Every structure is written in C-alpha cells, then in structure tokens.
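Visitor: Got a structure for you, questions after.
The values are calculated or read from the model by the stated rules, or taken from the named source; none is laboratory data. From a predicted model like this one, the values you see are computed outputs, not experimental measurements. For neighbour counting, all protein chains shown are included, and Cβ atoms are generated from backbone atoms with ideal geometry for every residue, glycine included. Remember, those area values only see protein heavy atoms, side chains included, never the ligands or the DNA or RNA. Shrake-Rupley method; radii C 1.70, N 1.55, O 1.52, S 1.80 Å.
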Amino acid sequence: RLQESRERLSVCSKLCYAVGGAPYQITGCAIGFFLQIYLLDVAQLDPFYASIILFVGRAWDAVTDPMVGFFISKTPWTRLGRLIPWIIFSTPFAVISYFLIWFVPDISSGQVMWYLIFYCIFQTLVTCFHVPYSALTMFISREQSERDSATAYRMTVEVLGTVLGTAIQGQIVGKVDTPCIESPVFIGKTNSSVAMEELNMTHDTGSLTDTRNAYMIAAGVIGGLYILCAVILSVGVREKRESSELQSDEPVSFFRGLKLVMNHGAYIKLIAGFLFTSLAFMLLEGNFALFCTYTLGFRNEFQNILLAIMLSATLTIPLWQWFLTRFGKKTAVYVGISSAIPFLIMVAVLDSNLIVTYIVAVAAGISVAAAFLLPWSMLPDVVDDFKLQHPDSHGHEAIFFSFYVFFTKFTSGVSLGISTLSLDFAGYQTRGCSQPKAVNFTLKMLVSAVPVVLILLGLLLFKLYPIDEEKRRKNKKALQDLR
C-alpha cells in the first residue's frame, strides 16, 4: 500500500500531463479542416499540386513515427529524462514551421515546394513532440489505475483541443467567404437537396490580403498555445525511469526490439481492431462537411453540428473512464464504439432533418469519446504484458506507441484516398453549389454504410484480443513481483 501511495499522481500532475496532448490535436484539427481550402482559394494553387502536397505530407507524417521511435530508443537518459528533452527542443522549430505553412510567399514558381517542404518539416517536428509524449504514459507511474486516470484526463484535453483548433481557426478566418460556382452543366438538370445559390466570384486584392492576414493571425494564436502547453508539460510532469524498468538493465537493439514487438500477439490484435474502427471514424470525419452541405442541405449548420459532436465527446470521456473501470475495457469497446451504428444508419435512411442530424451528432460524439480514450488506455496493458513475456528486453515503449500512431495515420491516408477517388469517380464538382445524385449517394455510403461495416469488422477482431480484466490483474501482480 505504501508503494501504491508513492505511485499515485496528483490532480495537478495529471492536468499538466493532459495539457501536453492539446498541441497535436489543435494543429491537426486546423490543418485537417482548413489546409485544403487555404491552398486552393488563398494560396491559389492548382488542385493537382494541392493534392500532391496533402498526400505527400500525410505519407511523410506516417513514415516519421517509426523513425522518431527508433531515435528515441537510442536516446540516453538525461537529468530531464529521455522523452522530455525531445518535447522541449522540437517545440520552437515546430511553431516556426507551422506559421510558415500559413504564409503566402511572394514567389511565382516555388510556391508548391514551399508548402510541401514546410508541411513535411512541421509533420516531422510535431512527431518529435507527440511520439515521446505518447510513450510518456509508461513513465509517469507504475500503477495501471493511475495511468488509466491520467489517460482519461489527456483524452478530455485532446478532445477540447480539437474543439479549440476548430473554434480558433473558424472564428478568425470565419469572415472569409468562399462562394460556390454554379456549373452550367447542372443548372436545371440536377435534383440536389441543396438550393441553387447565386454565383459570386468577386475577389479583389484587398479582401485576399485580409484573408491571408487572418490565416497568419490564427497560426500565431495556435503557435502561442503550442508553446504554452509544452512549457506546462515540461514543468509539471516528472519522468520516472524506475516506473518502466524492471530488474534487468541489459539493452536490446531497436530492430530486435521491433521484431519482438511485432511478434507480440496482443499488440497485433489490438492494432488490427482499432485500424478498422479508426478508419470508420476517419471516413465519417473527412466527409462530414460535404455530407452536411450537399446531401443534407445544411450548408450553414456544419460548424454547429461539428461543435455538438466535439462537446458531446468531451463531456462523455469521464463517463467512459468510469465505465471501463467498472465493467472492463473490452466491454467498453463493444458498447462505446457500437453505439454509433444505429444512428449512422438513421441519418442515411431518413429524410434530411436538422433535429435528427443533431441527435446523430451527439450520439457520434459519444462513440468518438470511446474511440479517443480506449486505444491509449489499452496500449499500456499491452506493454505490461510484453514486459512479462520479455523481462530482459526493455526500452521499447516508443516502438509500441510510434507504430500505433503510424498505423493510425496510415488509415487516415487510406480514408483520404478512398474518399477522393470515390467522389471524383462520382463526378464531384469542386466548389459547386450543387452536386449530381451520384455524389450524394457516394457521400451517404462514405458516412454511413462503409463506417458501419468497418466498425463491425473491428469489433469482430476485438474478440481475439486476449487481455481481459482478469488477465490485467494477474499481469499487475506479476510485474510487482518482478520489480
């Protein structure tokens, strides 16, 4: 009991740890929702080159996770720890590169390379922040309950970060009007649910300059929050070497460690299950704006519906933390993630209705909270199970967390590719006031039928996941004996 008391984390420590998760979510949300329209309408790049920037940036972002995990595994312990120095030294350069993404250079031929280079640099630097931060979960306490509690704090702050990123970027650049273009091919020929809008293509130099300034102001505000969160994390959290290590202290090479990690059955089954469920929610997230605008006809309600989703997720994370503590994590996976299925079916089957859409948004937020919380709560259990099977192999926490992030970002790239190709094949009209029926049908599939199938596949794979509550308790006792 005395040892468990020493391992307990104060509320202040948990809050400081949780705040460190905000920068990744705030910047990721701002980039995810606004970078494409910025490249097309503000930087005025050709759509082909904008697509190259977005795809290459996503691919590079996925590749950097295992690379950073490798270098972290080779990093020696310092007075500040092994992970905290990565967070401290990457922060200022990440903020600079993030600001330069939202800056329009006064060059005519090198804009594509400008955005491609700084987008990739920022993704590398934010990975240098997020991978060690994710692995830090294993170094703040040896107690599973304390790590789970800190993870719940973190997930709450991260969901708030997504709300904050959307709100800051949306409010500052909210006056930017992106008028739609009515294609003469579809005038009078398309039975779209969205009313025809008046063509307005007035873009004078002054308004474009104001728009560019608004994006840079938003980047400056978000960059300031990034630095503030990094400072709070570095000052308020102490990295404990003894929290992760067992009695043996023999180093194991990265590639041997990678082979051991990838051969660990519980890790592979956990990743496989979350790959499908993550892909389902990413498809929903990536196409939700288009679905609301064109299929449902709520062009002016998208931000409010998105806010309803994020607020619902934020408020229900403590509920899921209580639920997984009371009923177990596997039960929380089945109940939490599957709860979105009936509402996803409802929004696709029923006619366009704003009240039903808000109900679906709240229900989706409840499932988003479970999808946010559970992977990060279950990964430390897998790491503990690995340590029991390989007590002489340590220091691989960064591999577990970096490759999970890698696979998650890989699914993000897959979802982006599937959506783009599907909509292009269906005849999507860029910035159109209305879309053909095939596009509306495709959007229904991307936000309803396909996510439902992927969620069901993920839940079937979770049946193979071997670490239940009884196994967790046995692992906890065995780790205490080893230490």
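Visitor: Considering each of Leu319, Leu284, Leu315, Leu324 in turn, give the residue that is assigned by the TED database to the domain that holds Gln435 and closer than 21 Å to Lys444 by Cβ.
Guide: On the way: Leu319 fails: closer than 21 Å to Lys444 by Cβ; Leu315 fails: closer than 21 Å to Lys444 by Cβ; Leu324 fails: closer than 21 Å to Lys444 by Cβ.
Result of the check over Leu319, Leu284, Leu315, Leu324: Leu284.
Visitor: Would you pick out the residues in segment 58-84 that are of a type outside the set (D, E, K, R) and open to solvent by less than 20 Å² (accessible area, probe 1.4 Å)? Break it down stepwise before answering.
Guide: The initial filter retains those residues of segment 58-84 that are of a type outside the set (D, E, K, R), namely 59-60, 62-64, 66-73, 75-78, 80-81, 83-84.
Residues satisfying the conditions are Ala62, Thr64, Val68, Gly69, Ile72, Gly81, Leu83, Ile84.
Visitor: Also, quick follow-up: Looking only at segment 136-152, decide whether some residue is closer than 30 Å to Asn304 by Cβ and in a loop (DSSP other than H, G, I, E, B). Steps first, please.
Guide: Quick first cut of segment 136-152, residues closer than 30 Å to Asn304 by Cβ only: 151-152.
Still in the running and in a loop (DSSP other than H, G, I, E, B): none.
Within segment 136-152, none of the residues are closer than 30 Å to Asn304 by Cβ and in a loop (DSSP other than H, G, I, E, B).
Visitor: If you don't mind, another one. Output the residue which, of all residues in segment 343-357 that are open to solvent by less than 70 Å² (accessible area, probe 1.4 Å), touching a residue at least 12 places away in the same chain (Cβ under 8 Å) and not polar (S, T, N, Q), is farthest from Ala266 (Cα to Cα). Explain how you work it out, then say what you get.
Guide: Just the residues of segment 343-357 that are open to solvent by less than 70 Å² (accessible area, probe 1.4 Å), to begin with: 343-344, 346-348, 352-354, 356-357.
Still in the running and touching a residue at least 12 places away in the same chain (Cβ under 8 Å): 343-344, 346-348, 352, 354, 357.
Those still in the list that are not polar (S, T, N, Q) too: 343-344, 346-348, 354.
On the way: Phe343: 31, Leu344: 30, Met346: 35, Val347: 35, Ala348: 35, Leu354: 43 Å.
Across segment 343-357, the extreme among qualifying residues is Leu354.
Visitor: For residues that are in contact with a Gly (Cβ under 7 Å, 6 or more places away or on another chain) and not aliphatic (A, V, I, L, M), scanning just segment 282-315, find the one that is modelled with the highest pLDDT.
Guide: Ser312
Visitor: Take Ser339 and tell me if it is within 27 Å of Tyr404 (Cβ to Cβ), of a type in the set (S, T, N, Q), assigned by the TED database to the domain that holds Arg472 and in contact (Cβ under 8 Å) with a residue 60 or more places away in the chain.
Guide: Details: within 27 Å of Tyr404 (Cβ to Cβ): yes; of a type in the set (S, T, N, Q): yes; assigned by the TED database to the domain that holds Arg472: yes; in contact (Cβ under 8 Å) with a residue 60 or more places away in the chain: no.
Taking the combined requirement at face value, the residue does not satisfy it.
Visitor: Next question. Within segment 90-106, which residues are within 20 Å of Ile52 (Cβ to Cβ) and open to solvent by 30 Å² or more (accessible area, probe 1.4 Å)?
Guide: Result: Leu100, Phe103.
Visitor: I'm trying to understand the selection: among the residues of segment 126-151, which are within 16 Å of the chain's Cα centre (by Cα) and surrounded by fewer than 23 Cβ atoms within 10 Å (Cβ to Cβ)?
Guide: Residue satisfying the conditions is Cys128 alone.
Visitor: Taking interchain pairs and intrachain pairs at least six residues apart, which have beta carbon atoms under 7 angstrom, with the first residue in segment 50-62 and in the same structural domain as Thr127 (by the TED database) and the second of a type in the set (Gly, Ala, Ser) and at pLDDT below 80?
Guide: Arg58/Ser412; Arg58/Gly413; Ala59/Gly413; Ala62/Gly413
Visitor: Does Ser415 qualify as being in a helix (DSSP H, G or I), open to solvent by less than 20 Å² (accessible area, probe 1.4 Å) and either within 23 Å of Thr137 (Cβ to Cβ) or at pLDDT below 75 (or both)?
Guide: Numbers: in a helix (DSSP H, G or I): yes; open to solvent by less than 20 Å² (accessible area, probe 1.4 Å): yes; either within 23 Å of Thr137 (Cβ to Cβ) or at pLDDT below 75 (or both): yes.
When the stated conditions are applied, Ser415 passes them.
Visitor: For Met113, which of the numbered conditions (1) out of contact with any helix residue (DSSP H, G or I) (no Cβ under 9 Å at 6 or more places or on another chain); (2) among the aliphatic types (A, V, I, L, M); (3) touching a residue at least 12 places away in the same chain (Cβ under 8 Å) fails to hold?
Guide: (3)
Visitor: When you look at Gly365, is it modelled with pLDDT under 75, farther than 30 Å from Leu479 by Cβ and assigned to a helix (DSSP H, G or I), yes or no?
Guide: On the way: modelled with pLDDT under 75: no; farther than 30 Å from Leu479 by Cβ: yes; assigned to a helix (DSSP H, G or I): yes.
The answer is no for Gly365.
Visitor: I need the full set of residues from segment 336-362 which are in contact with a Phe, Trp or Tyr (Cβ under 9 Å, 6 or more places away or on another chain) and outside any helix (DSSP H, G or I), in order please.
Guide: Ala340, Ser352
Visitor: Next question. Please work out which residue is modelled with the highest pLDDT, limiting yourself to segment 446-477 and to residues that are assigned to a loop (DSSP other than H, G, I, E, B) and open to solvent by less than 20 Å² (accessible area, probe 1.4 Å). Spell out the reasoning first.
Guide: Taking segment 446-477 and keeping what is assigned to a loop (DSSP other than H, G, I, E, B), we get 463-468.
Next, only the ones that are open to solvent by less than 20 Å² (accessible area, probe 1.4 Å) stay: 465, 467.
Numbers: Tyr465: 86, Ile467: 82.
So, considering only residues that are assigned to a loop (DSSP other than H, G, I, E, B) and open to solvent by less than 20 Å² (accessible area, probe 1.4 Å), the one modelled with the highest pLDDT is Tyr465.
Visitor: Right, next: Looking at (1) open to solvent by 30 Å² or more (accessible area, probe 1.4 Å); (2) closer than 24 Å to Cys16 by Cα, which one does Ser109 not meet, given that it meets all the others?
Guide: Failed condition: (2).
Visitor: Quick one: Gly427 ticks every box in (1) under 28 Å from Thr295 (Cβ atoms); (2) modelled with pLDDT under 75; (3) open to solvent by 10 Å² or more (accessible area, probe 1.4 Å) except a single one, so which number is it?
Guide: Evaluating Gly427 over (1) under 28 Å from Thr295 (Cβ atoms); (2) modelled with pLDDT under 75; (3) open to solvent by 10 Å² or more (accessible area, probe 1.4 Å) leaves (2) as the failure.
Visitor: What's the number of the condition Ala50 fails, among (1) in a helix (DSSP H, G or I); (2) modelled with pLDDT of 80 or more; (3) over 22 Å from Gly21 (Cβ atoms)?
Guide: (2)
Visitor: Kindly evaluate Tyr133 against the criterion of being in a helix (DSSP H, G or I), farther than 23 Å from Thr211 by Cα and either free of Cβ contacts under 8 Å to residues at least 60 places away in the same chain or in contact with a Leu (Cβ under 7 Å, 6 or more places away or on another chain) (or both). Step through it out loud before you land on a result.
Guide: Working: in a helix (DSSP H, G or I): yes; farther than 23 Å from Thr211 by Cα: yes; either free of Cβ contacts under 8 Å to residues at least 60 places away in the same chain or in contact with a Leu (Cβ under 7 Å, 6 or more places away or on another chain) (or both): no.
So Tyr133 does not fit the description; no.
Visitor: For Gly273, all conditions in the list (1) surrounded by fewer than 18 Cβ atoms within 10 Å (Cβ to Cβ); (2) in contact with a helix residue (DSSP H, G or I) (Cβ under 7 Å, 6 or more places away or on another chain) hold save one; what is the number of the exception?
Guide: For Gly273, the failing item is (1).
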